[in-house]
Amino acid sequence: MVYGLTFVVAVTVDWMIPRFMPGDPVAGMVARANVSQPAAVEAMRQYYTGLFGFDQPLWRQYLNFWTALLHGDFGISIWVFPTPVSDVIMGAVPYTLGLMIPSVLLSWVVGNRLGAYAARRRLLDNTVLPVGYVLTAMPYMWLAVLLAWGLGVIAGVFPIAGGYSFSMQPNWSAEFLLDLLHHWALPFASLFLVALGGWAIGMRNMIIYELESDYSTYLAALGAPQRLIRRYAFRNAVLPQITGLALQLGVLVAGALVTEIVFSYPGLGSLILKAIQNQDFFLLQGTFMFIVLGVLAANFIIDIVYVVVDPRTRAGMAGAQA
Amino acid sequence: MSLRVSDLKVHYRTLRGDVRALDGVSFELGDAEILGLAGESGCGKTTLGKSLIRMDGRMRHVGGTVELDGTELPIGDDRRMNDFRFHEVSLVPQYSMSALNPTRKIGKMVGELLRSRGVTPDTAKLLGRLDAVGLPHEVLDRYPIELSGGMKQRMVMVISTLLDPSLLIADEVTSALDVSTQKAVARALAGFRDNGFVKSMIFITHDISLTYQIADTIMVMYAGRLAEKAPARTIVEAPRHPYTRMLIDSLPEVGVRHADRRLSGIAGSPPSLLDPPAGCRFRDRCPLAFDRCAEEPPAAEIAPDHFVACWKA
Ligand SMILES: Nc1ncnc2c1ncn2[C@@H]1O[C@H](COP(=O)(O)OP(=O)(O)O)[C@@H](O)[C@H]1O
Ligand code: SF4
Ligand SMILES: [Mg+2]
């Protein structure tokens, strides 16, 4: 329900942007497109006018937009005319997902483990906590630039631009995959590290809270071994961390987009930059739409996971059905 | 003799110095005896209860000994004390409403707890105990959130006594409940003793009239020390310590509980335990105080089983 509403609002905003901008978007775009053949110019003008449907009433335009959207039609890109926007996006999506999914999941898992250990050992706590704070306080951009500069430019160990070497063509050879991995390492590391600190600190605080809670005290009074108490505490502390993941998703996506730009990594972030530089409206609109959809879908998945993992919500739902 | 506490001193470490929450307390508890521990809030009841099972990180065992069934309890040694917890000494805590792990089914949690203590779960015994307190067997398949307050309270009572401990400490178990439930819980605890689920019990409450309903003996504490200890009837009908007398007088009628009149009728407040004054600690509030009270009164046995720490007793 909430998801549907968010989606409608996002689509509407997306639809409004080009329409309520000052000036004539069609003329502007065609002029900016730098297409020399008059035939192509005319084709573009007709295409855009038809697409925007300025001759139709607003509600009709709005409806058309929805229809196109539901057909997966985001229009034609200006930057790489005449490739459909959806094709351009699909070319970038694997890079963004390949960067985000491992970095988000791994930083979440490792951060939780690290935080749980920190809550247990003072020595570790004294290192994890300050390092964690430094990492979370660091803007994504910052760490990315630092890594690119240190390991890429100075040490020269890692490439600092692109998804793979310019000399190569994408294929399934081991050599290419290794090259892909090589380019992936730094953007992944910077995303992973920044998120790691936050999860570790959150987990540490949650565990300490759980270890001081009444059920832990009761178990300790009955002589239960620390192992059991910590197992319960960890399990219960992970639940709010799952919610935290849902809440952080927007920030994580923004971080990934910025990081891609720093490393010229050919994902959605770089696409947005290209779209802005080339004033490619449809591409921008499409990318934005796609990201909103992705975040909504991810949130939905996390919600489902939470219901499955937290026995209380499960029991509550069973009770409601009974 | 089940429990023998001698000159027990337990302090809290704080930045401003030691809080002498237990400052030389001695008493004995017989087999099958229920000792009601009473006194104003802050007099050290919880501290005494925790000292007998598990001290928290800020508590320090400064002196004195605790002997249970002839064995000295290593109360200051958290690790060695573990052998006695649950098996010999157990606890029904003040916070029973939140004492169960919210994300585990109760039956599963009990099984895990028992196995972690090296005990093979005895289902028949567990079900029998549930019957004894009137809980349906289904509770084992429920999460704590699905139980009412009274059910959680009884569930914790069942869990705590599952290994038939020698000593059960019940700390303010009734304060979160309404009046009728309070009496039922108190009676259920007495039933545990009668059925031999526990040998003896320390029933802690600030509500002296509730204590009177189930305790054989009542011990009144004041500012980290014993004030008076005697059979329940003697405490209520013939108290000798001025503090006990004022406590009893402030009750409208023993056996009838008046929510806003319990232990409220005494002017003044107890001394700080951070740096308590020498001599009798009740001196500031005592109508009978005289010169000698500048010396500390010992807990003297003025009649069989009747101990009073007062020069005027
Ligand atoms: N963690 C603590 N740190 C310092 N002082 C404490 C702490 N817990 C209790 N005290 C003090 O110890 C005294 C006894 O407390 P407590 O045993 O909880 O009393 P009661 O249970 O009788 O209300 C009080 O004066 C209280 O202020
Ligand atoms: S010793 Fe003195 S001050 Fe203390 S209670 Fe007795 S008479 Fe009062
Ligand atoms: Mg207390």
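Among residues of the stretch B:209-240 being of a type in the set (Gly, Ala, Ser) and in contact (Cβ under 8 Å) with a residue 24 or more places away in the chain, the one that is surrounded by the most Cβ atoms within 10 Å (Cβ to Cβ) is B:Ala227. Going through (1) surrounded by fewer than 21 Cβ atoms within 10 Å (Cβ to Cβ); (2) small (Gly, Ala, Ser); (3) within 14 Å of another protein chain (Cβ to nearest Cβ); (4) within 27 Å of B:Asp31 (Cβ to Cβ) one by one, B:Ala132 falls short only on (3).
Residue by residue, here is whether (1) surrounded by 15 or more Cβ atoms within 10 Å (Cβ to Cβ); (2) more than 14 Å from ligand 1 (Cβ to nearest atom); (3) at pLDDT below 95; (4) under 20 Å from A:Glu212 (Cβ atoms) holds:
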position: B:Glu40; (1), (2), (3), (4): yes, no, yes, no
position: B:Gly49; (1), (2), (3), (4): yes, no, no, yes
position: B:Ile53; (1), (2), (3), (4): yes, no, no, yes
position: B:Leu68; (1), (2), (3), (4): yes, yes, no, no
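Taking each residue of the stretch A:138-161 that is within 19 Å of A:Leu181 (Cα to Cα) and assigned by TED's automatic domain parsing to the domain that holds A:Ser190 and looking for partners that are of a type in the set (S, T, N, Q) and modelled with pLDDT of 75 or more with beta-carbon atoms closer than 7 Å, six or more apart or interchain, yields A:Ala144/A:Ser190; A:Ala144/A:Thr259; A:Leu147/A:Ser190; A:Ala161/A:Ser264. For the stretch B:8-15, the count of residues that are in a strand (DSSP E or B), more than 11 Å from every other protein chain (Cβ to nearest Cβ) and modelled with pLDDT under 95 is at least one. When the stretch B:21-48 is filtered for residues that are within 16 Å of ligand 3 (Cβ to nearest atom) and either among the aliphatic types (A, V, I, L, M) or touching a helix residue (DSSP H, G or I) at 6+ places or on another chain (Cβ under 8 Å) (or both), the ones remaining, listed by number, are B:Ala21, B:Leu22, B:Val25, B:Leu35, B:Gly36, B:Leu37, B:Ala38, B:Gly39, B:Leu48. Specify the residue that is surrounded by the fewest Cβ atoms within 10 Å (Cβ to Cβ); the eligible residues are those in the stretch B:55-66 that are within 14 Å of another protein chain (Cβ to nearest Cβ) and either among the polar types (S, T, N, Q) or within 16 Å of ligand 3 (Cβ to nearest atom) (or both). By that ranking, first place goes to B:Arg58.
Filtering the stretch A:207-224 to residues that are out of contact with any Ser or Thr (no Cβ under 8 Å at 6 or more places or on another chain), more than 7 Å from chain B (Cβ to nearest Cβ) and either under 15 Å from B:Phe86 (Cβ atoms) or not β-branched (Val, Ile, Thr) (or both) leaves A:Tyr209, A:Leu211, A:Glu212, A:Ser216, A:Thr217.
Return yes or no: is A:Phe158 surrounded by 14 or more Cβ atoms within 10 Å (Cβ to Cβ) and over 28 Å from A:Gly197 (Cβ atoms)?
So A:Phe158 fails the test.
Among residues belonging to the stretch B:148-173 that are in contact (Cβ under 8 Å) with a residue 40 or more places away in the chain and part of a loop (DSSP other than H, G, I, E, B), point out the one that is nearest to ligand 1 (Cβ to nearest atom). Lay out the reasoning, then the answer.
Kept after step one, since they are in contact (Cβ under 8 Å) with a residue 40 or more places away in the chain, are these residues of the stretch B:148-173: B:149, B:152-153, B:155-157, B:159-163, B:165-173.
Cutting the leftovers down to part of a loop (DSSP other than H, G, I, E, B) gives us B:161-163, B:165-166, B:172-173.
Working: B:Thr161: 22, B:Leu162: 26, B:Leu163: 26, B:Pro165: 21, B:Ser166: 23, B:Glu172: 8, B:Val173: 13 Å.
The selected residue is B:Glu172.
Candidates are the residues of the stretch B:163-176 that are away from ligand 3 (no atom under 16 Å from the Cβ) and within 19 Å of the chain's Cα centre (by Cα); the one that is nearest to the other protein chains (Cβ to nearest Cβ) is B:Pro165.
For B:Gly36, the test of being surrounded by 15 or more Cβ atoms within 10 Å (Cβ to Cβ), within 16 Å of ligand 2 (Cβ to nearest atom) and part of a strand (DSSP E or B) is failed. Against the numbered list (1) more than 16 Å from ligand 3 (Cβ to nearest atom); (2) of a type in the set (Phe, Trp, Tyr); (3) in contact with a helix residue (DSSP H, G or I) (Cβ under 7 Å, 6 or more places away or on another chain), B:Phe203 comes up short only at (1).
Remark: pairs (first residue in the stretch A:254-281, more than 18 Å from A:Gly98 (Cβ to Cβ); second residue not in a helix (DSSP H, G or I) and not acidic (Asp, Glu); Cβ separation under 7 Å; 6+ apart in sequence or on different chains) = A:Lys274/A:Trp79; A:Ala275/A:Trp79; A:Asn278/A:Ile78; A:Asn278/A:Trp79; A:Asp280/A:Ser77; A:Asp280/A:Ile78; A:Asp280/A:Trp79. Checking the structure you have, find out if any residue of the stretch A:196-206 is within 14 Å of chain B (Cβ to nearest Cβ) and either touching a Ser or Thr at 6+ places or on another chain (Cβ under 7 Å) or in contact (Cβ under 8 Å) with a residue 12 or more places away in the chain (or both). The answer is yes; a qualifying residue exists.
The values are calculated or read from the model by the stated rules, or taken from the named source; none is laboratory data. Everything quoted here is computed from the prediction, not taken from an experiment. Quick reminder, even Gly has a Cβ in these numbers, built from the backbone with ideal geometry, and neighbours come from all protein chains shown.
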